[in-house]
1. Report, ordered by the first and then the second residue, all pairs with beta carbons closer than 7 Å, sequence separation of six or more or different chains, a first member in the stretch A:553-568 that is modelled with pLDDT of 85 or more, and a second member that is assigned to a helix (DSSP H, G or I).
2. Taking the options A:GLU332, A:GLU320, name whichever one is in a helix (DSSP H, G or I), under 34 Å from the mean Cα position of the chain (by Cα) and surrounded by fewer than 16 Cβ atoms within 10 Å (Cβ to Cβ).
3. Residues being among the charged types (D, E, K, R) and part of a helix (DSSP H, G or I): count how many of those fall in the stretch A:468-483.
4. Conditions first: (1) open to solvent by 10 Å² or more (accessible area, probe 1.4 Å); (2) at pLDDT 85 or above. A:ARG533 passes all but one, so which condition is the exception?
5. Taking the stretch A:77-86 on its own, how many of its residues are surrounded by 15 or more Cβ atoms within 10 Å (Cβ to Cβ) and without any contact (Cβ under 8 Å) to a residue 12 or more places away in the chain?
6. For B:LYS68, indicate whether it is more than 12 Å from every other protein chain (Cβ to nearest Cβ), of a type in the set (D, E, K, R) and surrounded by fewer than 21 Cβ atoms within 10 Å (Cβ to Cβ).
7. Restricting attention to the stretch A:369-392, which residues are under 24 Å from A:HIS443 (Cβ atoms), in a strand (DSSP E or B) and in contact with an Asp or Glu (Cβ under 6 Å, 6 or more places away or on another chain)?
8. In the stretch B:1-13, which residue that is part of a helix (DSSP H, G or I) and facing chain A (nearest Cβ under 9 Å) is least open to solvent (accessible area, probe 1.4 Å)?
Amino acid sequence: MEEKVNILIVEDTSIHSILRDNPGRKGVELEARFSSYEECLNNLCRERFPVVLSPGSIPQPLNFLQDVLRVSKDQTAVIFIVDGGNTELIQQLLRNGAWACIPRERLTGESLFREVINAYQVIKMRMEGFSLKQSYIRQMEAMVESMLEGVLMVDKYSNVVVINPAGKRFLELLGATPGASPLKIKEIDELFDFIIKGEECGVKEIELEDKNIFLRLEATPVKEQGELIGVVILMRDVTTEKKVDKMKNDFISVVSHELRTPLTTMKEFISILLDEIPGKINAEQREYLQIVKSNIDRLARIINEILDIAKIESGKMRIERELVDVVEIAREVVKTFQPMAEERGLYLELSHPSGPVTTYGDKDRLAQVFTNLIHNAIKFTPQGGVKVVLKDTDEELIVEVIDTGIGISRENMAKLFMKFQQFNSDSHLKEPGTGLGLAVTKHLVELHKGKIWAESEYGKGSRFIFTLPKYTYHQALLELCAENLHNCIMVNKSFSLLYIEIPDIQFLEKHLGKDKVEQLKKKLDIIFRKVLRRNEDLVFKGKESFAILLNMTPKENALVVKGRIVQALHDFRKEFERPDMLKIRIGIAGYPEDGSREEELLDKARANAENIFPEVG
Amino acid sequence: MSKILIVDDEPELVKAIEVRLRASGYHVEVAYDGEEGVKKAREFNPDLIILDIVMPRLNGYEVCKILKSNADTRNIPILILTASQQREMEKKCLALGANIALMKPFETEELLLLVNQLLENQGGEN
């Protein structure tokens, strides 16, 4: 079938006579129409012409070109026949979207025909692309409408732009008024803020306790040519997944707990045999028993790591934070590994700043981080040794564990901190790990608001680096107060704070000795914990003060607690070796009476602290 | 010779600790649940109690509570053994006055060291 190509020739009929002298092409037939310059746009509005031919000598060729392109929505190719000398015009026209400018001197029927056909084919493809795009949009719409997941897109002003039926259902579950925009749902607002601030992904899980439903919301930015135009939020009902997950984690923790006791028994009896308590053993027997013992240790480690991973995955991994000296932790862990390093002929060194470096963290968990990294380093280092370096910068503490071991290949580097990854299969090392240690380590560092990464040169050694934020007692206390206060405010409950200080602690240290003062503080700690009966009450120990955080406690109840503490301290004082030297001051503050910011409460409690033994000094 | 009471519901583990402590020269008594533990603590007046947490008939925490609230047994040091990572329970026991907690599986050396330390401290205070 012949394909008819409509072309519009403006003003100059001579163009048509030239064009008629063409070799033709099978299946294509040109149908030319003529128009005056003035009538051209009207013609274009009435009818579609994929190609327009015009002389360059019309009054305002550039305006004409722009008008044609606008009217035809870029679906027309404009070819100019120009005087060859006029290069300025040619460049201007081409720059503004002319399909081609052919110099009149070189104009032949053949060249013009070829140009027209080329233009026509490109325009045709462009138009098909456009209709393709439209049907694609329709398909996308249908897909979004029929999804089981709720899809919600809001623009950057938080107005609802797209929402599918499932999305409407989920929003109603979350308590939104149907049709409202902006939505005013706390969780969605938080996700929105998160993404607007530049995050690439935000996730929230919401438990609707009354309906026994778990929802998972995932937010990602919507960008157009690199610019943020909104946020898309995907909503899913994850109730079943949650149940299965909980069963899995419960199972793991029960099994692991049950495994521990028999392991302990086995380990004890093996070491009894090794210590020759029931009788002498020979060298071969000793070797075999050693193997059993080291395998029991391995099993115990695996169980601990599996338990940790299960906790992390169920979100139950909690760190119990206090003010800790990281130098001290590093020193202790390095000491425990010294024999292992010596046995293998490796050096194990620690370098650290001279004073203590404090962070607000979980002592046992931080020790676990050091243990995992140092143990790994020793395991993968056949010769040379391991160096642990602590650096104290202004903002943070940097720890590096550097070994001269086998290193990590580039492809393994990417998977390093993922669970169940082990890279020693190609090495001669006889001590495989669980592949969980580094995954646990990473989570622990991140729970402490630190970062961890590794650098390595394959065959030459590795360097594991992690950072921890530095804290003073005051910063840690403020953060702890902020967390607890925030939780209370969220559920509309009160919060109280007791501030207990031992003034002149240096005086006490001088007269009684540092050990005695440490003991005194320990005893006070025990007294406070005894007076406090609830799990949610917290005691935070500082150098010369304690803070007691009473969650969900109105100030009048806190005053009762204060009274009990004062009573207990009076009793304690009678037994204290130098009652005359013991000074203790207690202050109190509560939300909402004394303010709603942690600084206000702390300042207030400090300011009204009064001596509870007025007869002293 | 110092007297040590082991309270744990796992007879074989109790046996293992007993053998070990005997070999180190201690006099050892054993109990297999919380109730028996309290009873033996009163009868034998040990110098140290090694106490499991998860047990039938009075768990370790309840045993701690009873012993610490009674003047006769209040001053006996207690070493808590815990099979679970139940830090809450452990902390409660420590708050009641238990001296230290040790997690299973433990190192023999660590157990012996702690036992030794607790007994020494006890001697010093009395």
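The values are calculated or read from the model by the stated rules, or taken from the named source; none is laboratory data. As the structure is a prediction and not an experimental result, all values here were calculated from the model. Backbone-built Cβ (ideal geometry, glycine too); neighbour counts: all protein chains shown. Only protein heavy atoms, including side chains, enter the accessible area calculation; ligands, DNA and RNA are left aside. Shrake-Rupley method; radii C 1.70, N 1.55, O 1.52, S 1.80 Å.
1. From the stretch A:553-568, the pairs are A:VAL561/A:VAL531; A:ARG564/A:VAL531; A:ILE565/A:PHE528; A:ILE565/A:VAL531; A:ALA568/A:ILE527; A:ALA568/A:VAL531.
2. On the way: A:GLU320 fails: in a helix (DSSP H, G or I).
Among A:GLU332, A:GLU320, only A:GLU332 is in a helix (DSSP H, G or I), under 34 Å from the mean Cα position of the chain (by Cα) and surrounded by fewer than 16 Cβ atoms within 10 Å (Cβ to Cβ).
3. 2
4. The single condition A:ARG533 does not satisfy is (2).
5. Selection size over the stretch A:77-86: 0.
6. Details: more than 12 Å from every other protein chain (Cβ to nearest Cβ): no; of a type in the set (D, E, K, R): yes; surrounded by fewer than 21 Cβ atoms within 10 Å (Cβ to Cβ): yes.
Here the answer is no, as B:LYS68 does not meet what is asked.
7. A:VAL386, A:VAL389
8. Going through the stretch B:1-13, the residues part of a helix (DSSP H, G or I) turn out to be B:11-13.
Imposing the further condition that a residue be facing chain A (nearest Cβ under 9 Å) reduces the set to B:12-13.
Numbers: B:GLU12: 126, B:LEU13: 1 Å².
Of everything passing the filter in the stretch B:1-13, B:LEU13 is least open to solvent (accessible area, probe 1.4 Å).
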